[in-house]
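Have a look at the structure below before the remarks.
The values are calculated or read from the model by the stated rules, or taken from the named source; none is laboratory data. Remember, it's a predicted structure, so these values are computed and weren't measured experimentally. Cβ: placed from backbone, ideal geometry, glycine included. Neighbour counts: every protein chain shown.
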Amino acid sequence: MTVVRYQPWTLIDSLQRQLDQAFSPDAGDSAAATDVSWIPQVDIYEEAGRYVVVADVPGVEPKDVRITADKGLLTIRGEKHAREVQQGNARQRLERRTGVFVRTFTLPEGADVEAITARQTHGVLEVVIPKQPQLQPRNIEVRAA
């Protein structure tokens, strides 16, 4: 007897992927739009002096991740390579996603693009976007001539 796993959300996930690809900034670039295999889940939050983007990228090597900040957009690209499958094994089940991923975010106005940093620990990528210091109003004393 063959066990078939029921996945009711597969069609919706596929539609979501297609919509994300269609509305991505790279939609005009057919190679970039069609090569996306999966989309990592992210958390975005704001702290006092910075914005933080945390993305789940398990199994992705840091050397395979590229982060760019250009024209007000932060783009995280990468690739998760498939493991080598041994030919001698008669049965296999591969459920983990592999391939290229892309996520693009609009940078807020106060972001310091030159000071963005990123680090990856245990499959979690953390991108820190510092805020630029706020310009404080300056009182100018008027002296008599």
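Per-structure values
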read-out: Residue, nearest to D64 (Cα to Cα), within region 108-126, restricted to residues that are in a loop (DSSP other than H, G, I, E, B) and more than 13 Å from the chain's Cα centre (by Cα); value: H122
read-out: Residue match in region 81-93 (condition: out of contact with any helix residue (DSSP H, G or I) (no Cβ under 8 Å at 6 or more places or on another chain) and within 21 Å of R17 (Cα to Cα)); value: yes
read-out: Search result, residues across region 94-107 that are in a strand (DSSP E or B) and more than 13 Å from the chain's Cα centre (by Cα); value: G99
read-out: Some residue of region 122-133 being surrounded by fewer than 15 Cβ atoms within 10 Å (Cβ to Cβ), modelled with pLDDT of 95 or more and under 14 Å from D56 (Cα atoms); value: yes
read-out: Number of the exception - T68 against (1) in contact with a Lys or Arg (Cβ under 8 Å, 6 or more places away or on another chain); (2) modelled with pLDDT of 90 or more; (3) of a type outside the set (D, E); (4) not in a strand (DSSP E or B); value: (4)
read-out: Cβ pairs under 6 Å, 6+ apart, first in region 88-113 and under 19 Å from V54 (Cα atoms), second β-branched (V, I, T) and at pLDDT below 85; value: V100/V36; V102/V36
read-out: Every residue from region 42-67 that is surrounded by fewer than 13 Cβ atoms within 10 Å (Cβ to Cβ), acidic (D, E) and under 17 Å from H122 (Cα atoms); value: D43, D56, E61
read-out: Region 1-42: number of residues that are out of contact with any Asp or Glu (no Cβ under 9 Å at 6 or more places or on another chain) and modelled with pLDDT under 65; value: 12
